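The values are calculated or read from the model by the stated rules, or taken from the named source; none is laboratory data. For clarity, every value in this text was computed on a predicted model and none was experimentally measured. We place every Cβ from the backbone using ideal geometry, glycine too, and count neighbours over all the protein chains shown. Note: areas computed on protein heavy atoms with side chains; ligands, DNA, RNA excluded. Shrake-Rupley method; radii C 1.70, N 1.55, O 1.52, S 1.80 Å.
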Amino acid sequence: MEREAAGLEEDVHVVSYMTYTLVWGALVILTLLLSAVSVFHLKELPFLTPSLAAFIISPIKAALVVFYFMHLKYEKNNIYKIMLMVTLSILIIFLGLTWIDVALR
Amino acid sequence: MSDLAGERVTSMEESREHEPHRDYTGSKIGMWLFLFSECMLFGGLFVLYAMYRADFTSAFLAGGKDMNTFIGVFNTIVLLTGSWTVAMSITAVQRNQKKLAIGLLSTTIVLGALFMVLKLMEWGDHIHHGLYPSSSALAGKHGLQVFFSMYYVMTGLHGLHVIAGMTVLIVMLIMLIRGKITAEHSVALENAALYWHLVDIIWIFLLPLFYLAA
């Protein structure tokens, strides 16, 4: 039993401090970038509206947290990724169908 | 010979009985399932926000101007930093650096408390300025009342999650100090960290909806 438990722990990938620090840095930079786009309405980039920036940057930030901080990238068992896809699909159907209802009213 | 083998089996079974039952994969899957149910809870509120915003677009943009963007962005960085330190505390536990793990986990708890203090100050400021549903300052402004209803419900529910997360992390800190969380048995801390990261992800989406809406 002990050996089994130890074996399982050996399979767990230990993420380095450096990886976490780089991800944290990226998250802070993306947050500041998103805020800058919203506050200053960058006139040189008229296509990059605050809403569009939020739609692009927020999911990237969430993905960084899920894949690195929450270890999803290092999980050998695919069940977690499948469960995430199912959840995201349900959320998209939920949002999409409600949107169609409101838009075509 | 067969007797000897039989004895060995019995002694193995006995030693198994002394080991507490552990199921690493089961614990992890259970936690993820719970987190997905949380996604659905907040997902419903995000749908509600989207529909109200479609109905009261100008009021939602005006409501965003009443928000303190600096505090919103600062609080985001506070939560992101807390997620970073709790993630590193797991690495520290796995590398048997107990003191470092205790320090990192404590930092996360302090950052969670800082987030809540700033949030409550912000709420106090809004209420002081009459920015709450059914206040006299917002009388007749239906759209703004809806905006502030959504604001208090969504940030309030998120705040409850922060308090719950901090409570769980404090329990983890005590378990870590008492040696109940080790490199071999760290799944409790890993699951607590997963919950904290989810709270962080929800805030990532709340920031543009309320603070950067103007």
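Quantify, in whole percent, the carbon and sulfur part of the accessible surface of the protein assembly as shown (1.4 Å probe; protein heavy atoms only).
It is 69 percent, rounded to a whole number.
Work out Dmax and Rg for the protein assembly as shown from the C-alpha atoms and quote the Rg first, both in angstrom.
23.0, 91
Taking R0 as 45 Å, what FRET efficiency do you get between B:ALA164 and A:ALA103 from their Cβ-Cβ distance, rounded to the nearest 0.05?
Computed FRET efficiency for B:ALA164 and A:ALA103: 0.80.
Tell me the net charge near B:ILE174. Cut-off is 15 Å between Cβ atoms, B:ILE174 excluded, with +1 for each Lys or Arg and -1 for each Asp or Glu.
+3
About its Cα centre, how strong a charge dipole does region B:24-211 have in debye, to the nearest 20, once Lys and Arg get +1 and Asp and Glu get -1 at the Cβ?
Charge dipole of region B:24-211: 420 debye, to the nearest 20.
What does the helix-only formula give at 222 nm for chain B: each DSSP H stretch with n ≥ 4 adding -39500 (n - 2.57), the total divided by the residues, and the result rounded to the nearest 500 deg cm²/dmol?
Theoretical 222 nm ellipticity from helices: -28000 deg cm²/dmol.
Roughly how big is the B-A contact, given as buried accessible area in Å² (both sides, 1.4 Å probe, nearest 100)?
Roughly 4300 Å².
Using a basic spin-label model with each label point 7 Å from the Cα along Cα→Cβ, how many nm lie between A:MET85 and B:SER135?
Once both label points are built, they end up 4.8 nm from each other.
Might you report the magnitude of the Cβ-based charge dipole of the protein assembly as shown about its Cα centre, with Lys and Arg at +1 and Asp and Glu at -1, to the nearest 20 debye?
It comes to approximately 1040 debye.
What FRET efficiency comes out for B:ARG178 versus A:ILE93 if R0 is 45 angstrom and r is the Cβ-Cβ distance? Round to the nearest 0.05.
After rounding, the FRET efficiency stands at 0.50.
Taking the simple approach of a point 7 Å from Cα along Cα-to-Cβ for both B:ILE71 and A:ILE60, what is their distance in nm?
2.9
How crowded by other chains is A:65-73, given as the mean number of beta carbons from other chains within 10 Å of each beta carbon?
Mean partner-chain Cβ count within 10 Å for A:65-73: 6.
Taking a probe of 1.4 angstrom, what is the accessible area of B:TYR49 in Å², to the nearest 10?
Here the accessible area works out near 10 Å².
Can you compute 3J(HN,Hα) from phi for each residue in region B:108-119, using the Karplus curve 6.51 cos²θ - 1.76 cosθ + 1.60 with θ = phi - 60°, rounded to whole Hz and x for Gly and Pro?
Each residue's phi maps through the Karplus curve to give 4, 5, 4, 5, x, 5, 4, 4, 5, 4, 4, 5 Hz.
In chain B, if the dipole is taken from +1 on Lys/Arg beta carbons and -1 on Asp/Glu beta carbons about the Cα centre, which of B:PHE210, B:GLY63, B:MET116 is farthest to the positive end?
B:GLY63
Mind listing the phi-derived Karplus ³J(HN,Hα) values for region A:60-77, rounded to whole Hz, using 6.51, -1.76 and 1.60 with θ = phi - 60°, and x for any glycine or proline?
Values, residue by residue: 5, 4, 4, 5, 4, 5, 5, 6, 9, 5, 8, 6, 4, 4, 9, 6, 7, 7 Hz.
Using the Karplus curve 6.51 cos²θ - 1.76 cosθ + 1.60 with θ = phi - 60°, work out ³J(HN,Hα) for each residue of region B:197-204 in order, rounded to whole Hz, and write x for Gly and Pro.
3J(HN,Hα) across region B:197-204, in whole Hz: 5, 5, 4, 5, 4, 4, 5, 3.
Find the eigenvalues of the gyration tensor of the Cα atoms of chain B, then list the square roots of 5 times those eigenvalues as equivalent ellipsoid semi-axes, largest first, in whole angstrom.
Output for chain B: semi-axes of 46, 19, 12 Å.
Report the gain in length on full extension from A:ALA36 to A:PHE67: 0.36 nm times residue separation, minus Cα-Cα distance, nm rounded to one decimal.
8.6 nm
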